[in-house]
1. For residues in segment 159-176 being away from the ligand (no atom under 16 Å from the Cβ) and over 19 Å from the mean Cα position of the chain (by Cα), which is nearest to Leu216 (Cα to Cα)?
2. Considering only segment 4-20, state which residues are more than 10 Å from the ligand (Cβ to nearest atom) and touching a Lys or Arg at 6+ places or on another chain (Cβ under 8 Å).
3. Looking at segment 21-48 only, could you name the residues that are among the polar types (S, T, N, Q) and either in contact with a helix residue (DSSP H, G or I) (Cβ under 6 Å, 6 or more places away or on another chain) or within 13 Å of the ligand (Cβ to nearest atom) (or both)?
4. Restrict the check to segment 246-258 and report whether at least one residue is buried (at least 24 other Cβ atoms within 10 Å of the Cβ), within 22 Å of Ser8 (Cβ to Cβ) and not β-branched (Val, Ile, Thr).
5. For segment 212-229, state whether one or more residues are β-branched (Val, Ile, Thr) and within 25 Å of Val42 (Cβ to Cβ).
6. Looking at (1) over 21 Å from Val266 (Cα atoms); (2) among the β-branched types (Val, Ile, Thr); (3) in contact (Cβ under 8 Å) with a residue 40 or more places away in the chain, which is the one condition that is false for Ile5?
7. Considering (1) out of contact with any Gly (no Cβ under 8 Å at 6 or more places or on another chain); (2) more than 14 Å from the ligand (Cβ to nearest atom); (3) polar (S, T, N, Q), say which one Ser81 fails and leave the rest.
8. Is it the case, given these coordinates, that Val238 is part of a loop (DSSP other than H, G, I, E, B) and either at pLDDT 95 or above or β-branched (Val, Ile, Thr) (or both)?
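The values are calculated or read from the model by the stated rules, or taken from the named source; none is laboratory data. None of these values were measured; they are calculated from a predicted model. Here the Cβ positions follow ideal geometry from the backbone for every residue, glycine too, while neighbour counts run over all protein chains shown.
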Amino acid sequence: MSVLIVGSTALDSIKTPKAENPRLLGGSASHAAVAASFFAPVKLVGVVGEDFPQRYVQLYKRHKVDLEGLQVAAGKTFHWSGEYEVNMNSRRTLATELGVFETFTPKLPVSYQASPFVLLANIAPSLQSHVLKQMRRPEFVVADTMDLWLNIALPDLLQLLKSVDGFVLNDSEARQLTKEDNLISALKKIHKLGPKYVIIKKGEHGAILSSRDTGLFISPAYPLARVVDPTGAGDSFVGGMMGYLSTAKGPIETNLRRAMIYGSVVASFCCEGFGLTFTTRITRRAIDARFKELARLTRF
Ligand code: AMP
């Protein structure tokens, strides 16, 4: 089974207290696609400009990402830059240059339309909906988002939530969306907006899943002694999770917990290098080893 992933395909310039790296391959869809590729074939939907380096196209190809849905448009690739504070938990966006994303209308190739697993990675919710409308009855659809869309496109996001199975957001976004300080109360409110499964990401503290049928599950984050760059960790988490889910046998309800642990593992690798540099060097064997370690660390 393959995973269809739509989201941003970007060039990221990232500054941490220790180093600065310009124009790395980034974007929610890039991180999610590479993460998912360790488990399943990926079909990518996105747009890049004429300045998009060939070496990044080659990187997608090395991960066997299907690029039929990646448009190359006249203009500049979406460029995002951000700066981390000393503790690496708070980040400041320095610039967002939309470039070719400003006029992007995703058009799904016919070969993509029957994909059973769909990840609507972070991008404007109207574009996420536009992709979903072109799909033929997907089995499982998950959407991710960011605070920007809560601020400038809330009606679009609320509309989207009525037609997804799962929704992933971080703790501050959950609080902002529901005006609830308590995350357990926030989860209940988010279910009422549509999704059967809601996952709240809490960075280095892991993630909480709430299923309408089976209740809560707490997923740990892998304990890292050194974080180099957490950009894309959330996208790697959800990409790894969807990649694993698409290949696991049995009901989604049963597989989702394991899938979250796999997501946490891929996210931890992502944090160990700038952009995608570390994630692209790992293997499925390394993922499985860390999965076992995380399982051992949380057994009691
Ligand atoms: P994360 O660290 O999981 O929040 O994701 C960071 C990624 O989000 C970076 O690779 C950025 O290119 C991407 N990103 C930043 N701002 C936006 C935006 N407005 N829309 C879509 N993707 C974005």
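1. Residues of segment 159-176 that are away from the ligand (no atom under 16 Å from the Cβ), as a first pass: 159, 161-166, 175.
The next check asks that each one be over 19 Å from the mean Cα position of the chain (by Cα); those that pass are 159, 162, 175.
Details: Gln159: 25, Lys162: 21, Arg175: 18 Å.
Once the filter is applied, the top-ranked residue is Arg175.
2. First pass over segment 4-20, keeping only residues more than 10 Å from the ligand (Cβ to nearest atom): 4-6, 15-20.
Result: Leu4, Ile5.
3. Hits for segment 21-48 are Asn21, Ser28, Ser30.
4. Taking every residue of segment 246-258 in turn, at least one turns out to be buried (at least 24 other Cβ atoms within 10 Å of the Cβ), within 22 Å of Ser8 (Cβ to Cβ) and not β-branched (Val, Ile, Thr).
5. Of segment 212-229, the ones β-branched (Val, Ile, Thr) are 214, 218, 227-228.
Okay, now just the ones that are also within 25 Å of Val42 (Cβ to Cβ), so 228.
Yes: segment 212-229 contains one or more residues that are β-branched (Val, Ile, Thr) and within 25 Å of Val42 (Cβ to Cβ).
6. (1)
7. (2)
8. Judged against the criteria, Val238 is not a match.
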